[in-house]
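Presented below is the structure to which this report refers.
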Amino acid sequence: MIGKLNIKNSHFGALAFLIMLLWAVGSCTKMDDYKKDFVKGDLVYPAKPDTILVYSGDYRVLLKSVLSSDPNIVKSHIYWDSRTDSVDVDVHRTGASDTTSLVISKLLEGAHTFELVNEDASGNRSVPVFAIGTVYGDKYRASLNNRPIESSFLDTGLQVHLKFADLDLSAGPILTEVHYLTSDNDSVSFKIGMEQQDTLLKDYKKGSAVVYRTYYRPDSLCIDTFKTAYDTYTPAIENVWVDLTTKYLLNAGNPFYYDTWDGGRWGNLADWTTTDNVKNAGGYGGYEVKNHSMIAMESGWGKPSITNGKIYQSLYLPYSGKWRMTVNMNDLNDQGRKYIVAALGQNFPDIEHAEDQSLAYYEFSSNHGGDNISITFSIDTPGYVTLGFLASMTDNGSFYEVNYLKLEYNYSN
């Protein structure tokens, strides 16, 4: 028979305490071994980057990060595309808060996620920080439109103007680049902003092509600009008569101005050469005032006859090609011979050579008041041309009066 074991003395309690103590010591030894094998010192997390900015670009990005004030950071690890690619950047501290910059190239077009982890000298790594950036490339470039030229026109200074059409600003156009040739075959280029529609081509070479393209920046953080392919445009301006009177012809009327004046009817013209025989009204002539000022010659009615009288002006014409001078008559009669003449150079022919020594002439004795009389002439090269009036008038009463003159150039491609 088996009986009950009943130990009632103190030796059993001491033995139990000893067994528990030995178990505890053994357990602590195993935990220390675990810590020794798997836990390398206390857990330390360096400071993560304060800020990350990703600047878009052309198959690349610029990544900037602002480091915290943690002085122990020595390296930054940058990963992208789910850590399929990465780069390490050494950190050289210069102050409390430094910035690291890195251009990452050869990226595929589209959106990319970037991960940045800081590391200290002991190899401890920070909590990662993520940022998203966009990469642009040929797909974006193919979507861009060149800003079209809407029209062109010629101003009174013989300068060509281009008018650009509006363009959708949401795609990021920032400026247009323009190239053209001058009349001396010099190449000129300039850029205009999207807010500007009209631009001037100074001294544009007739018939030459204007070449232009548009620049884009897809977003405000993009580090690159994108350019469309060049387009060409030839201003279509043909057979336009351009009024250049005020630019090249002096004292052309409405009103006319005098150098000297008798205070009544007659005076001497400013800027024109007038022969002395035209000044037959007491030393005055060529300038007449009735209701208004005019160029005029008059003989008879108490004034002597005029033989080979001249009123003319030499001017430098800077464009080869076709020119036209138009004279608006106030009044005249059919007595005597009267010519409007354009002559090459700075000499004005005598009346007997009005027809054979001139570029163009018109005998206007049979015309009437109010008529517009035009002579057209051409020059092969820029140079001087002398324009004016020739007349021989008897003393039985002959006259003509001119209201104004107009000088035009024929512009054609």
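Values quoted throughout were computed directly from the atomic coordinates according to the rules given, and no laboratory measurement underlies them. Note that this is a predicted model, so its numbers are computed, not measured. Here the Cβ is made from the backbone with ideal geometry for all residues, glycine too, and neighbour counts use every protein chain on show.
Provide 214, 225, 232 in ascending order of the number of other Cβ atoms located within 10 Å of each residue's Cβ, fewest first.
Working: 214 24, 225 14, 232 11.
Ordered from fewest to most neighbouring Cβ atoms within 10 Å, 214, 225, 232 come out as 232, 225, 214.
If you stretched the chain out fully between residue 92 and residue 344, how much longer would it get, using 0.36 nm times the residue separation minus the C-alpha to C-alpha distance?
Full extension from residue 92 to residue 344 adds 82.8 nm.
Quickly work out the residue 111-to-residue 238 label distance, labels modelled 7 Å from Cα along the C-beta direction, and quote it in nm with one decimal.
The modelled label-to-label distance comes out at 5.4 nm.
Hey, with R₀ at 41 Å, roughly what FRET efficiency would residue 381 and residue 224 work out to, going by the Cβ-Cβ distance, to 0.05?
Given R0 = 41 Å and the Cβ-Cβ separation, E is 0.25.
In nm, what is the difference between 0.36 nm times the number of residues separating residue 246 and residue 307 and their Cα-Cα distance?
Stretched fully, the residue 246-residue 307 segment lengthens by 18.9 nm.
Taking the Cβ of each residue in 327, 44, 242 as the centre, tally the other Cβ atoms inside 10 Å and list the residues starting with the fewest.
On the way: 327 23, 44 12, 242 18.
Going from least to most buried by this count: 44, 242, 327.
Calculate the spin-label point distance for residue 356 paired with residue 169, positioning each point 7 Å from the Cα along the beta-carbon direction, and give it in nanometres.
Spacing of the two 7 Å Cα→Cβ label points: 7.0 nm.
When every alpha-carbon pair in the stretch 51-137 is counted, what percent end up more than 18 Å apart? Before the final figure, lay out each step's value.
Values: 1470 of 3741 pairs.
The proportion of pairs with Cα distances above 18 Å equals 39 percent.
With labels modelled as points extended 7 Å from the Cα through the Cβ direction, what inter-label distance (nm, one decimal) is found for residue 331 paired with residue 75?
10.6
Enumerate the residues in the stretch 390-413 having an amide nitrogen under 13 Å from the point lying 7 Å beyond the Cα of residue 374 toward its Cβ.
Counting only backbone N, you get 406-411.
I need to check one value: relative contact order of the chain, counting alpha carbon pairs closer than 8 Å and at least 6 residues apart, in percent. Working shown, then result.
Numbers: 945 pairs, mean separation 50.5, N = 413.
Averaging sequence separation for qualifying contacts and normalising by length gives 12 percent for the chain.
What FRET efficiency do you get for residue 84 and residue 153 if R0 is 60 Å and r is their Cβ-Cβ distance, rounded to the nearest 0.05?
After rounding to 0.05, the efficiency reads 0.55.
Taking 0.36 nm per intervening residue step and subtracting the Cα-Cα distance, what contour gain separates residue 179 from residue 270 on full extension?
Here the segment from residue 179 to residue 270 would lengthen by 28.5 nm.
Alpha carbons only, please: Rg and Dmax for the chain, in angstrom.
Expressed in Å, the Cα Rg and Dmax of the chain come to 47.2, 183.
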